[in-house]
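Novice: Sharing a structure with you now.
No lab work stands behind these numbers, since they all come straight from the coordinates. Predicted, not measured: the structure shown is a model, and the values here were computed from it. Every residue, glycine as well, gets a Cβ built from its backbone with ideal geometry; the counts of neighbours run over all protein chains shown.
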Amino acid sequence: MKIDPEKCQTCAKCIPFCPVGAIGVKGKKVMIEYDECVECGVCARSGICPDGAFVREELEWPRILRAEFSDPTIPHKKTDIAGRGTAEMKTNDVTGRIRRGEVGVAIELGRPGVGTRFTEVEKVSRAVAYLKIPLEEANPVSALVQDREKGTFPPEVLKEKVLSAIVEFKVPFDRAGEVLELLRQVTTKMDTVASISLIGRSEADGRIPLENFLIQKGVPFYPNGKVNIGLGRPLAEP
């Protein structure tokens, strides 16, 4: 995204709309710091500019990744899903990707209002590869990994900045502790914000093994239950 200096009248109304603070006043004009812009399109879609000064560019590789991971109106080429680009774990009561005895894991980097570069995302994918855990294929981050054994991305991708990216996978329940410990170590070395989501199915008698596991590990958490209200045919099996 760029600002046409001929149209911009420096009203600066757009500045608060940038989620990563990439817009500011330089000299007598409002400008976008190009390397910090995540191509989310919020500034243009807000309609706040009275002069129509925002200019959408034709994005090429690898900058196009910024828009795919940041603009909810643009679908990922890998999954054809816009926004996060994955069905996500919270739809599990329909998709059935995570079964009893398994734990789904998602590490989201970048939010809120910070963004992340793929250098930080790679730290997580490398850690997951170290544990020899396959990534979720229905996630666009997985498609970017060049070396699955090492969890590394193509070099030209690493400096690209996006609003949010999620590394997603699942493991047998008995590996949850191992994964959690490694993520604790990795996230302390990151230059962005990170949140970890875990999903596990309840037992037939109503017990929630994952909840008990987190309590035993002394991990504070926010329970977030999801219920299928009939918008899809459940595929999950016991």
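Novice: What is the residue count in the stretch 117-151 for residues that are in a strand (DSSP E or B) and surrounded by 17 or more Cβ atoms within 10 Å (Cβ to Cβ)?
Specialist: Initially, the stretch 117-151 is screened for residues in a strand (DSSP E or B), giving 117, 135, 147.
From what's left, surrounded by 17 or more Cβ atoms within 10 Å (Cβ to Cβ): 117, 135.
Residues meeting the conditions: 2.
Novice: Farther than 22 Å from Thr192 by Cβ, basic (Lys, Arg) and over 12 Å from the mean Cα position of the chain (by Cα): is that true of Arg126 in this structure?
Specialist: On the way: farther than 22 Å from Thr192 by Cβ: no; basic (Lys, Arg): yes; over 12 Å from the mean Cα position of the chain (by Cα): yes.
Taking the combined requirement at face value, the residue does not satisfy it.
Novice: For Ala44, are the conditions met, namely being of a type in the set (A, V, I, L, M), part of a strand (DSSP E or B) and buried (at least 16 other Cβ atoms within 10 Å of the Cβ)?
Specialist: Working: of a type in the set (A, V, I, L, M): yes; part of a strand (DSSP E or B): no; buried (at least 16 other Cβ atoms within 10 Å of the Cβ): yes.
It is false that Ala44 is of a type in the set (A, V, I, L, M), part of a strand (DSSP E or B) and buried (at least 16 other Cβ atoms within 10 Å of the Cβ).
Novice: Can you work out which of the residues in the stretch 76-98 that are surrounded by fewer than 16 Cβ atoms within 10 Å (Cβ to Cβ) and in contact with a strand residue (DSSP E or B) (Cβ under 9 Å, 6 or more places away or on another chain) is nearest to Leu163 (Cα to Cα)?
Specialist: Ala82
Novice: Just the residues that are within 28 Å of Phe153 (Cα to Cα) and among the hydroxyl-bearing types (Ser, Thr, Tyr), please, taken from the stretch 44-93.
Specialist: Ser70, Thr73, Thr79, Thr86, Thr91, listed by residue number.
Novice: Specify the residue that is nearest to Glu6 (Cα to Cα); the eligible residues are those in the stretch 58-73 that are touching a strand residue (DSSP E or B) at 6+ places or on another chain (Cβ under 6 Å) and not polar (S, T, N, Q).
Specialist: Arg66
Novice: Suppose the filter is surrounded by 15 or more Cβ atoms within 10 Å (Cβ to Cβ), in a loop (DSSP other than H, G, I, E, B) and of a type in the set (Ser, Thr, Tyr); does Thr73 pass it?
Specialist: Numbers: surrounded by 15 or more Cβ atoms within 10 Å (Cβ to Cβ): no; in a loop (DSSP other than H, G, I, E, B): yes; of a type in the set (Ser, Thr, Tyr): yes.
Criteria not met by Thr73.
Novice: Oh, and also: Of all residues being surrounded by fewer than 22 Cβ atoms within 10 Å (Cβ to Cβ) and of a type in the set (Gly, Ala, Ser) in the stretch 105-116, which is nearest to Pro19 (Cα to Cα)? Just the residue, please. Walk me through how you get there before you give the answer.
Specialist: At the first step, the residues of the stretch 105-116 found to be surrounded by fewer than 22 Cβ atoms within 10 Å (Cβ to Cβ) are 106, 108, 111-114.
Going one step further and asking which of them are of a type in the set (Gly, Ala, Ser), we end up with 106, 113.
Working: Ala106: 22, Gly113: 5 Å.
Only one residue tops the list, namely Gly113.
Novice: Condition (residue is among the hydrophobic types (A, V, I, L, M, F, W, C) and assigned to a loop (DSSP other than H, G, I, E, B)) applied to the stretch 25-38: is it met by at least one residue?
Specialist: Here is the first cut: in the stretch 25-38, the ones among the hydrophobic types (A, V, I, L, M, F, W, C) are 25, 30-32, 37-38.
Still in the list and also assigned to a loop (DSSP other than H, G, I, E, B): 37-38.
For the stretch 25-38, residues among the hydrophobic types (A, V, I, L, M, F, W, C) and assigned to a loop (DSSP other than H, G, I, E, B): present.
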